[in-house]
Amino acid sequence: MYQKFVNEITLMYCLIRISHYNLSEFLSAALLSMLKVNDTVHWSAEIFSYRKGRGIMETRPYIPWDLINNFMIDVLKAYGVPEEDARICADVLLESDRRGIESHGCNRFKPIYLDRIKNGTLLPVTKIEVIKETPTTVVMDANNGMGMVASYKMMEMLIKKARVYGMAGGTIFNSTHYGIAGYWSSMVEKAGM
């Protein structure tokens, strides 16, 4: 859907303010005209931003989480990332923003992920090799693929091992940025451990 506009959108996307994904009037007009999403971008006078204890009325638009999520997935796929992996990456980045950790969220989308895929320092397809495995440990080579994908696969393996043995640990090398560390402990919590 967005593939035609990937370069233009990703340049603008870096400028999105993370707090409720506010956009400047210029950028939102450009995004609306490019994506034709008038019905999904909402203007709101009800969003408040608190500075120095005072409520300041926000009049800029915000973009719903599902629109940003779908956008990121589509762009990652356009850059060669398999859909399942793109979904993992988008979820990790947006979870960071949902938790208020703007340093590791979608503001890294273009400069850290897309630019690195484009220049070849990050491979869009993550080819994971298990180098060594014991009942409670795993050593994995991510072959310069997506760090979030390698970490997700690692955590799935470690959760299975920990269910049987009570604990597990692993390491990944030749990997890239893996997002916020808290995402991985949340996987353990969601698994009921």
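Before moving on, here are some points about what is shown:
- Taking the protein heavy atoms of the range 57-153 in the context of the full set of protein chains, the accessible area attributed to carbon and sulfur is 49 percent at 1.4 Å.
- Mean projected area (nm²) of the alpha-carbon convex hull when the range 95-193 is viewed from all directions: 6.3 nm²
- Using the 1.4 Å probe convention, the accessible area of the range 110-161 works out to 47 Å² per residue with neighbouring protein chains retained.
- When each of the peptides 133-139, 71-77 is scored by the mean number of other C-beta atoms lying within 10 Å of its residues, the order from highest to lowest reads 71-77, 133-139.
The values are calculated or read from the model by the stated rules, or taken from the named source; none is laboratory data. Source: prediction; values computed, not measured. When we count neighbours, we look across all protein chains shown, and the Cβ atoms used for this are built from the backbone with ideal geometry, even at glycine. To get the accessible areas, we keep the full protein, side chains included, count just its heavy atoms, and leave off ligands, DNA and RNA. Shrake-Rupley method; radii C 1.70, N 1.55, O 1.52, S 1.80 Å.
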